[in-house]
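Okay, structure first, notes after.
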Amino acid sequence: MKLIEDANQQALTRILEGEPRLIDIVPARELIPGLRERMILHAGPPISWDRMCGPMRGAVAGAIVFEGWAKDLPTATKLAANGEIEFHPNHHFGAVGPMTGMTTMSMPLFVVENARFSNRAYCAINEGLGKVMRFGGNDASVLNRLAWLRDVFGPTLGKAIRAAGGVDLKSIVARGLSMGDELHQRNLACSSVFLREIAPWMARTSTDNAVLAECLAFIGQNDQFFLNIAMAMGKAITDPANGIRGSTIVTTMCRNGTDFGIRVSGLGEQWFTAPVEMPEGLYFAGYSEKDANPDMGDSAIVETIGLGGFAMAAAPAVAGFVGAGAPSEAGNFTRSMGEITVAQNPEWTIAAMDFAGVPTGIDIRLVVDSGVVPVINTGIAHREPGIGQVGAGVVKAPLACFQQAIVAIAKDLGVS
Amino acid sequence: MTDQDRPQYQQLLARKVEVVNVGLEGFVKDLRDCGIDVVHVDWKPSAGGDPQMAALLAKLGV
C-alpha cells in the first residue's frame with residue numbers, strides 16, 4: 001500500500017536523521033509543565049494504583065516520602081491508595097524512566113535535545129546497582145541517594161555538561177557497539193567513554209575536590225550509568241517519528257509491571273496494551289523465578305531504535321548474562337529482529353555482523369505476519385516492594401499489542 | 001519394467017530421495033532417522049494462520 005510505504009519511509013528517515021545531544025541536567029519541575037505536587041510519572045502505559053505491581057507500589061511510596069508529601073512509607077501508601085496521588089505515564093510528558101520509572105518534581109533529569117527536529121526528552125539519573133527506587137527500593141539508603149543526586153551530583157554534572165557545550169550521543173553509541181555494549185543490559189563501554197569525555201569538564205567546573213572525586217567515582221562504579229542517557233536519547237529520536245498518518249512503524253514500547261504497551265506512528269498517542277510477560281533469564285544467588293516480577297520499564301525505548309535485544313550480536317557477553325544462550329548465538333537475536341524491521345542504521349554498526357547496521361524501524365505488519373515479536377533485554381525486579389533487582393533476562397513483547405494495532409490502522413485507513 | 005515405464009512418482013522414489021521440508025520441523029528428524037538428506041525451511045503461514053488477520057495484512061501490503 002503506497003500510503004503506508006511512503007509514511008514508513010518518512011518515519012524511518014526521521015528516526016535515522018536524529019541528532020541527539022545531552023545538553024543539561026535540570027529538576028523535573030522546571031522541564032515538564034504541569035508536573036506538580038502529588039503527581040507521579042511512572043513507566044509504561046497508563047495504570048491506576050489498584051493494578052500496580054509490588055515494586056511499582058514500593059517505588060511510589062518511596063517517591064511520596066522523598067518529595068515530603070508523607071512522613072513515612074505507610075502514610076505514603078495510604079495516600080496513594082486513597083486516590084490522593086495523580087499518576088501519569090512518563091511518555092505523556094516527553095520523559096522515560098527505567099523499571100518503575102518514577103519521575104517527580106524535584107528529581108534531576110537528563111535533557112537530551114534532538115537538534116535535527118528541535119525536540120527534547122528527559123530521563124532521571126541512573127541510581128546504580130543494589131537497592132534502588134527503579135527496582136522498587138524505598139528505604140532510607142534509597143532516599144538518601146536520591147537526595148544526593150538531587151543536591152550534589154545533578155548540579156555538578158549538569159554544570160560540566162553545559163560547560164562542554166553538550167555531549168554528542170550518536171558517536172558514543174557507535175563506539176559502544178564496537179566495544180561490546182548493546183545499550184540495555186550492557187552499558188560498560190558507553191559509560192566509560194562518556195566518563196572520558198565529561199571528566200575534564202567536571203574537573204574544570206568543580207570547586208570542591210572531594211565532591212568531584214565522589215561524583216567521578218559514582219559514574220565510574222556504575223556500569224549501567226549510560227542507560228538512562230540512552231533512554232532519553234531513544235525518546236528524543238522516536239518522538240519526531242510519531243503521528244505520521246499511515247505509518248506502521250512502532251514509536252514506543254514500554255511496560256509497567258502489569259501491562260506491555262506500544263504506540264505506532266500512524267496512530268499517534270493511542271496505546272495498544274496486553275498483559276506483560278515474565279522475563280526468562282538468570283537469577284542472582286538466593287533468588288529464583290518465584291521471586292520475579294513481570295517485566296517493567298520504559299527502557300524498551302532502546303529496542304525501539306534498534307539497540308538492546310536488537311543489537312545482541314554486538315554484545316555476546318550479554319547473551320550469557322541474560323540467559324539467552326551461548327555467546328555464539330547472540331547473532332541469531334539480531335538476525336531475527338531484522339525480519340520485523342524495515343532498515344538497518346548505517347551509523348550504528350555491528351562488527352560481528354560484518355558491520356551490518358542495527359535493525360531499525362519495527363513494522364507492526366511484519367511482526368503480525370511473521371509471528372516474530374521484539375525481544376527486550378531486561379533487569380528482573382523482586383515482586384515484593386523494597387527488595388530490588390534479583391536477576392536479568394530476555395522478555396518478548398506480547399503479539400496481541402501488534403494485532404490490535406493492525407486492526408486499528410486498518411480501520412483508520414478504511415481497510416476492512 | 002524399466003524406470004521409464006513406471007509412473008513419475010515411482011520413478012522419484014526409485015532414486016535417492018532428497019527432501020525440502022517446509023513448516024513443521026518434526027518431520028525433519030523422522031526423515032533424517034531414515035538416512036534421508038533434508039533441508040528445512042522455517043516457514044509459518046501469515047499471521048499464524050488467522051485468515052482474517054492475514055486478509056487485513058494482505059490489504060495493508062505485506
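Quick note: the coordinates plus some simple rules give every number you see, no bench work behind them. Just so you know, these numbers come straight off a predicted model, no measurement behind them. Virtual Cβ from ideal backbone geometry, glycine too; neighbours counted across all protein chains shown.
With the highest mean first, a sort of the peptides A:210-216, A:179-185 on other beta-carbon atoms found within 10 angstrom per residue produces A:179-185, A:210-216.
Remark: the stretch A:184-191, residue by residue, has Karplus-estimated 3J(HN,Hα) of 10, 9, 9, 10, 4, 5, 5, 4 Hz, where x stands for each Gly or Pro and the curve is 6.51 cos²θ - 1.76 cosθ + 1.60 at θ = phi - 60°.
Listed from fewest to most Cβ neighbours within 10 Å, the set A:LEU35, A:LEU79 follows the order A:LEU79, A:LEU35. For A:THR360, the residues whose modelled amide H falls within less than 5 Å of its own, excluding neighbours fewer than 5 places apart on the same chain, are A:VAL342, A:ALA343, A:GLN344, A:ASN345. Taking each DSSP H run with n ≥ 4 as -39500 (n - 2.57) and averaging over every residue of chain A yields -11000 deg cm²/dmol at 222 nm.
Each peptide among A:338-348, A:243-253, B:28-38 gets the average number of other Cβ atoms lying within 10 Å of its residues, and from highest to lowest they stand as A:243-253, A:338-348, B:28-38. Each residue of the stretch A:237-251 was assigned a 3J(HN,Hα) from its phi angle through the Karplus expression (A = 6.51, B = -1.76, C = 1.60, θ = phi - 60°), giving 7, 7, 4, x, 8, 8, x, 9, 4, x, 6, 9, 7, 6, 10 Hz with x at Gly and Pro.
The overall shape of the protein assembly as shown is prolate: from the C-alpha gyration tensor, with semi-axes ordered a ≥ b ≥ c, the ratio a/c is 1.5 or greater and a/b exceeds b/c.
Please state the shape class of the stretch A:243-412: rounded when a/c is under 1.5, otherwise prolate if a/b exceeds b/c and oblate if not, all from the C-alpha gyration tensor. Oblate. Between the listed residues B:GLN10, B:SER46, B:LEU60, the Cα displaced farthest toward the positive end of the dipole of chain B, a dipole computed from Cβ unit charges relative to the Cα centre, is found at B:LEU60. For the stretch A:134-227, a/c is not less than 1.5, where a ≥ b ≥ c are the root eigenvalues of the C-alpha gyration tensor, and a/b does not top b/c. That puts it in the oblate class. Using the Karplus relation 6.51 cos²θ - 1.76 cosθ + 1.60 with θ = phi - 60°, the per-residue 3J(HN,Hα) values for the stretch A:361-374 come to x, 6, 9, 4, 5, 5, 5, 6, 4, 8, x, 7, 9, x Hz, with x marking Gly and Pro. With contacts taken as Cα pairs under 8 Å at a separation of at least 6 residues, chain A carries a relative contact order of 20 percent.
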